[in-house]
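Participant: Handing you a structure now.
Bear in mind that the values in this text are calculations on the coordinates, not laboratory data. Remember, predicted model here, so these are calculated numbers, not experimental data. All Cβ positions, glycine included, derive from the backbone under ideal geometry; neighbour counts span all protein chains shown.
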Amino acid sequence: MKSMWSNLWFSYKFLKASTLGLLFLTVPMGLPACSVIETTYDIITGTVKGTVWVIKGTYELTKGTTKLVYHIGKFTFEVIRAPLDWPLTHEGIETIDGLPVKEAIRQGRVKNAPYTVKGRRYVPMSIAKAQRYRETGLASWYGEETRRQKGGHMTANGEKFNPRALTAAHKHLPLPTNVQVTNLENGRSIIVRVNDRGPFPSKNNPKSGKRIIDLSWGAAKRLGFVKKGLARVRVKTIRLQSA
């Protein structure tokens, strides 16, 4: 384990000194099964607004890793790999990257791959475009039903869905991406991990597909609109660096 962390530190120091503009913190692929990784990131201030670091390794579940814990300021994110036999939170997703959903997840072909929902094809934005993403619109929340159902549910990128965690679904952002969400009606602001797809139009409410983000129950509670159901929000990607 000592040599692994030495390699990590070397990779971080070398890449931090570079001028590439992106931080790639890479975890060696030889980690033992069921390993847990924990790290901390800080939000960079005084930089171009609406950008995000694309961080590999500790930012994403990697081969041989089943659990990841990372911190951004006062917010903690616990990421757990879901068993492939768990149902999706949005079972209407039919294919990802032209493959059956579970196969695409197994192959790791999800991040910004096109996908279909009820015959409609969605094309997520590129990493470069995601760095500049900033949008204002309506937010809803989802996941209440999973608290009462037996077993677990899987997000569109293969993570365990926890309705109490600070997560979100987005139709077009790469998975995963961390964004800042501000409730413009009360000024509250939080950071969430986008790890799922949605919101999509429903039979009873076709306009629901025009909402820009679907937050978890826990995120909506922190933003103060669980009872109301909807809130006008500002969503923007954030820029991170290893603390």
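Participant: Past 18 Å, Cα to Cα: identify those pairs from LYS171/LYS210; LYS118/LYS203; LYS111/LYS207; LYS63/LYS150; LYS160/LYS236, in the order given.
Facilitator: Those over the limit are LYS111/LYS207; LYS63/LYS150; LYS160/LYS236.
Participant: Further question: Provide the FRET efficiency to the nearest 0.05 for the THR136-ARG109 pair, computing r from the beta carbons and using R0 = 45 Å.
Facilitator: According to the calculation, E is roughly 0.90.
Participant: Looking at the range 145-243, which GluC sites (Glu not before Pro) are in a loop (DSSP not H, G, I, E or B) and have at most 15 other Cβ atoms within 10 Å?
Facilitator: GLU185
Participant: Report, in whole Å, the centroid distance computed from the Cα atoms of the range 65-112 and the range 180-243.
Facilitator: 19
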